[in-house]
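K.L.:
What follows is a structure written as structure tokens; I'll ask about it next.
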Amino acid sequence: MKDVVPCGDDRVCFDEEVGYDGKSATVVALDVADGKQLWRYKLANTETIVPVGEALLVTTTMPDTKWPSTSRSTEGETGPGGASWLMPRL
């Protein structure tokens with residue numbers, strides 16, 4: 001687990017990997033008041049998570065990283081060295 005950030009009242013968001021494998025990264029929102037997971041989305045090579053208003057800005061280390069089409073995210077923007085995603089916190 002890394003990049004633990006507050007992302008709402010009684011909420012934290014973070015990304016987790018299996019065995020330091022960036023391809024296994026998943027962005028997670030957790031309600032700390034009741035210990036329940038609110039949502040989880042796979043997003044390979046996650047680099048940073050930054051709360052922005054009612055959304056999260058998630059960046060990756062790979063420019064060709066694709067956000068799952070089943071997510072509620074906006075379209076990703078690809079840039080030098082990585083991709084950025086603005087996702088509603090819901």
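K.L.:
Out of the residues in segment 27-41 that are surrounded by fewer than 16 Cβ atoms within 10 Å (Cβ to Cβ) and not aliphatic (A, V, I, L, M), state the one that is farthest from residue 60 (Cα to Cα).
P.N.:
Within segment 27-41, the match that is farthest from residue 60 (Cα to Cα) is 34.
K.L.:
Which one of these is small (Gly, Ala, Ser), at pLDDT 75 or above and part of a strand (DSSP E or B): 24, 84? Give the steps one after another, and end with the answer.
P.N.:
Numbers: 84 fails: at pLDDT 75 or above.
It is 24.
K.L.:
Within segment 22-41, how many residues turn out to be of a type in the set (Gly, Ala, Ser), closer than 16 Å to residue 9 by Cβ and under 15 Å from the mean Cα position of the chain (by Cα)?
P.N.:
Of the residues in segment 22-41, 1 are of a type in the set (Gly, Ala, Ser), closer than 16 Å to residue 9 by Cβ and under 15 Å from the mean Cα position of the chain (by Cα).
K.L.:
Okay, next question. Quick check on my filter: what residues within segment 1-21 are more than 12 Å from the chain's Cα centre (by Cα), touching a residue at least 12 places away in the same chain (Cβ under 8 Å) and not in a strand (DSSP E or B)?
P.N.:
Within segment 1-21, 8, 10 meet the criteria.
K.L.:
Continuing with the same structure: Here are the criteria: (1) modelled with pLDDT under 85; (2) acidic (Asp, Glu); (3) closer than 16 Å to residue 1 by Cα. Tell me which single one residue 17 does not satisfy.
P.N.:
For residue 17, the failing item is (1).
K.L.:
Since residue 75 meets every condition but one in (1) part of a strand (DSSP E or B); (2) at pLDDT below 60; (3) exposed (fewer than 11 other Cβ atoms within 10 Å of the Cβ), which condition does it not meet?
P.N.:
Answer for residue 75: the failing condition is (1).
The values are calculated or read from the model by the stated rules, or taken from the named source; none is laboratory data. Being a predicted model, the structure only gives us computed values, none of them experimental. In this analysis, Cβ positions are derived from the backbone assuming ideal geometry, glycine residues included, and neighbour counts consider all displayed protein chains.
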